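The values are calculated or read from the model by the stated rules, or taken from the named source; none is laboratory data. None of the values given here were measured: they were computed from a predicted structure. Positions of Cβ are backbone-derived with ideal geometry, glycine not excepted, and every protein chain shown enters the neighbour counts. Only protein heavy atoms, including side chains, enter the accessible area calculation; ligands, DNA and RNA are left aside. Shrake-Rupley method; radii C 1.70, N 1.55, O 1.52, S 1.80 Å.
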Amino acid sequence: MGKAQNNHDGPVAPLWVRRPEALHLVAYAVAALVFTGQIVAVILRGSDWPTALSVLLAGGGVALSWWRPWAGLIVVSAASFAVTAVGHDPLSVWMMAVLVLFSITLRGRQPLAGTAIVAAFFLGAFMTVGGFRGGAIVGAAALFSAVAGGATGAALRIHRAHWRILEERAESALATREIEATRRVTEERLRIARDLHDVIGHQVAMLSMHLGAAEIGLPEDAEPARQALVSARSSARTVVVETQRILALLRIGDAVPPDEALRPTPALSGLEGLVASFQSIGLDVRSSLVLPAGFVEPSVGVTVYRVVQEALTNAYRHGEGPATVEVCERDGRICVTVENRVSEAAHGSGSGGGLGLVGMRERVESSSGRLTIDSEEGRFRVHAEFSPLGAAV
């Protein structure tokens, strides 16, 4: 039977799992064909009215089972008894009863009860009015056909339920991954906001200090310039207050450890210490740090630091062997490259699923940088490039 691909990445379910009504239609279509053939045989043979009535009873039972499964099963099973009683071969009616049994067990009815009903009428007919015509082989075939019809319907129903559970689990896993990705990205954005607050706060404080020095150095008759500097210093203080207010709003309900709160703002100058911290926990890091001699926008320095930190974290959790870190200035741009070999085993408690890389990409793009992530031939490589002036250029 054909296959249908699920909407998500996961197991491939059979077509009848997607469209279970198809099996019911097939079962009833086959039963209708059998009934039609039996009616034609009755007409061609010129059978008496008890035989015709027994066949019609079987057809009515099949139709009734569409709306009233148990009643229809009893009627069509009784028809097999009636056909045998009037002295005719009950094979066709026998098949119709088995098809109805298959259909109702597929719909969730009790297979043991349905099988018992069909088997009781079959065996009752052969052991009484039929006298076991055909011998024990015919009786055994009647019994096992009833068992096969009920068991097949029940097995397919259980199989379909199993596929539905697999689909629900896959959908749940996908939804959980999306939620986790959103949470991780939100956390990284908040971290970016904290770093930006520290950078802006420092720069605005320096600006206010220089404005104060300029105000003191003005001559006494330069009152308009003095007022302008006072207004500029007031605006600088407003910037600091507003950034603190926005950061406090973002951090509602967010508990920051004391050591994290007291830690200095990351910068290029902290890269050696960062590398040393990973070496202290057992990661073999081979670094080449050639820091730019000119001015580097503080936000760019923070981003370079965070990129190296996230890349080394991935190397520790999912890599093996040495990790190489290179930071240099090339053609007027700051280039950062971290590379390591991917390992089957992991040091961490769980795989991040690449969610940290989403935040890394957002951070790099916020500084007008360019991030490239490659995973080829068993090696993982993170490469980022920045202008020293960041988004200003």
*Sticking with the crude label model, points 7 Å out along Cα→Cβ, report the distance from Leu190 to Cys328 in nm, one decimal please.*
3.9 nm
_Place a point 7 Å from Cα of Glu385 in the direction of its Cβ. Which residues in the stretch 268-290 have their backbone N less than 20 Å from it?_
288-290
_Spin-label model distance (nm) - Leu289 vs Thr238, 7 Å beyond Cα toward Cβ_ = 4.0 nm
*If you plug each phi of the stretch 100-105 into the Karplus form 6.51 cos²θ - 1.76 cosθ + 1.60 with θ = phi - 60°, what whole-Hz ³J(HN,Hα) values come out, in order, with x for Gly and Pro?*
5, 4, 4, 5, 6, 6
*Under-5 Å amide H pairs with Val285, H placed in peptide plane, nonlocal only*: Ala323
*Quick one: with all protein chains in place, what share of the accessible area of the stretch 282-339 is carbon or sulfur, to the nearest percent (1.4 Å probe)?*
44 percent
*asked:* Can you work out the Karplus-derived ³J(HN,Hα) for every residue in the stretch 160-171? Use 6.51 cos²θ - 1.76 cosθ + 1.60 with θ = phi - 60°, whole Hz, and x for glycine or proline.
replied: 5, 4, 4, 5, 5, 5, 4, 5, 5, 5, 5, 5
*Given H placed on each backbone N at 1.01 Å, which residues far from Glu297 in sequence or on other chains put an amide H within less than 5 Å of it?*
Leu389, Gly390
*Nonlocal amide H pairs with Ser343, under 5 Å, H built at 1.01 Å*: Gly319, Glu320
*For Ser269 and Ile179, calculate 0.36 nm times their separation in residues minus their Cα-Cα distance, and state this gained length in nm to one decimal.*
28.9 nm
*For a label point 7 Å from the Cα of Gln110 along Cα→C-beta, name the residues of the stretch 148-185 whose backbone N is under 20 Å from it.*
148-158
*asked:* Taking θ = phi - 60°, what integer Hz values does the Karplus form 6.51 cos²θ - 1.76 cosθ + 1.60 yield along the stretch 227-236, in sequence order, with x for Gly and Pro?
replied: 4, 5, 5, 4, 5, 5, 5, 5, 5, 4
